[in-house]
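Just so you know, all these numbers are worked out from the coordinates, no wet-lab data involved. Values in this document were obtained by computation on a predicted structure and should not be read as measured data. As a convention, Cβ positions derive from the backbone with ideal geometry for all residues, glycine included, and neighbour counts pool all protein chains shown.
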Amino acid sequence: MSTDLRLSVLDQSVAGVGRPQDESIRNTLALAQHCEALGYHRFWVSEHHNLPTIVGTAPEILMAAIAARTQRIRIGSAGVMLPHYAPFKVAEQFRVLDALAPGRIDLGVGRAPGSDQRTALLLNPEHRAADDFPRQVQELHAWACGAGVPEGHPGHGIHALPRAGTAPQVWMLGSSAYGAQLAAHLGLPYAFAYFITDGQGAKEGLDLYRSLFRPGVLAQPQATVCVWALVADTEEAAWELFASRERARVDRQLGRFGPLMPAQTARRDYSAIEQAHVDELRRQALVGTAGQVGRRLRALATELAVEELVVITWTWDPAAQQRSYELLAREFALS
């Protein structure tokens, strides 16, 4: 079945029990090449710190490695946690990335720390760094797009190099009304983290973004959502693979973070409260065959009025993750 819906990928370099963490980084590189061959539009990587479940700590470095191994697929950060860094330096990094992969770079930025507060202070000792986020985003875009900051700014006349005929596309990432409003105010494209909120606030956030949007970087609003989904050859196999993600979510509720467990060992007896959480998780999860998940993805895209979905998939087995994206690509006739 063909569709006009565009599919992209978000990968977080998830750690796995019994597997060295550096292998997770190399698995992300292999997945990027695989997804390009399958016809996915974008491949985004995230930024987290001091989190034993997710070992993707430096998206700009990982993006450079992906750029060297691909030719067509757009490559992006989802995202750079901007309050940790100087906007000028981030702009320089992404202009170098654009030189490596001209016209293929997405610069997704977020306000959240992507870590615990102690780790965030090691990245930037300024306690209130996130308060300057709107200014940081404006400066970042000015330098990243090559225009530079306006007169009166201390950085006027300073340019982020290298200069080129293309530039990174800045995206606003968010899971609340804050990011939606800021993206609308600046006229930026907006990506809602549906997989973080389990869909809560998605429609409200996108409606707010569209209603408040004023032309800026874009003439018209451009929005997508990042959604968690898992596909296998049979429904039974998909739910078996889902046990790894399910256990990680239950453990997270208890403040326990660790590498993803194999499906065979992930299941345990849950308390009544935990089981209620699991039941709700399973009810909402996009898990099953390609046809089953494809129908729900199409329905979600229609409900939210988006023309693109960014799919994130966790499995302990990298081959099962690649197979999930392969089956989805076939379902949506990607090429």
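Annotations for the structure displayed:
- Distance between region 112-187 and region 60-98 - C-alpha centres, whole angstrom: 13 Å
- Dividing the convex hull volume of the alpha-carbon atoms in region 177-335 by its residue count gives 132 Å³ per residue.
- Per-residue Karplus couplings for region 277-292, computed as 6.51 cos²θ - 1.76 cosθ + 1.60 with θ equal to phi - 60°, are listed in order as 5, 5, 4, 5, 4, 5, 4, 8, 5, 8, 9, x, 6, 4, x, 5 Hz, Gly and Pro entered as x.
- Scalar couplings 3J(HN,Hα) for region 263-274, obtained by applying the Karplus form with A = 6.51, B = -1.76, C = 1.60 to θ = phi - 60°, are 4, 5, 10, 6, 6, 8, 6, 9, 5, 4, 5, 5 Hz; x denotes Gly and Pro.
- Using alpha carbons only: equivalent-ellipsoid semi-axes of region 124-212, gyration tensor based, whole Å: 28, 16, 12
- Total charge dipole magnitude, the chain, about the Cα centre, Cβ charges on Lys, Arg, Asp, Glu only, Debye to nearest 20: 260 debye
- Overall, the ratio between the Cα radius of gyration of region 1-82 and 2.2 N^0.38 Å, rounded to two decimals, is 1.11.
- When each of the peptides 254-262, 83-91, 132-140 is scored by how many other beta carbons lie within 10 Å of its residues on average, the order from highest to lowest is 83-91, 132-140, 254-262.
- Database remark: amide H of PHE43 closer than 5 angstrom to the amide H of VAL9, ARG74, ILE75, GLY76 (H placed geometrically; neighbours at sequence offset of 5 or more, or on other chains; Pro and chain starts carry no H).
- 3J(HN,Hα) along region 54-68, derived from phi through the Karplus expression 6.51 cos²θ - 1.76 cosθ + 1.60 where θ = phi - 60°, amounts to 10, 10, x, 9, 9, x, 5, 6, 4, 4, 5, 5, 5, 4, 6 Hz, with x in place of Gly and Pro.
- Taken over region 24-146, the ratio of Cα radius of gyration to 2.2 N^0.38 Å equals 1.07.
- Translational D in µm²/s for region 89-166 (Stokes-Einstein at 20 °C, 1.002 mPa s, Kirkwood Rh from C-alpha pairs): 154 µm²/s
- Separation of alpha-carbon centers, region 274-328 and region 5-24, rounded to whole Å: 16 Å
- P(r), alpha carbons of region 276-327 - 5 Å bins starting at zero, rounded %: 4, 16, 23, 25, 21, 9, 2
- The fraction of Cα-Cα pairs per 10 angstrom bin, counted from 0 for region 145-264, comes to 12, 25, 26, 21, 12, 3, 0 percent, rounded to whole percents.
- The Rg/Rh ratio of the chain, with both radii computed over alpha carbons and Rh defined as the Kirkwood radius, is 0.96.
- Amide H within-cut-off set for MET81, under 5 Å, with H built and near neighbours excluded: GLY110
- Once the C-beta distance of ASP132 and ALA333 is scaled by a Förster radius of 45 Å, the resulting FRET efficiency is 0.50 to the nearest 0.05.
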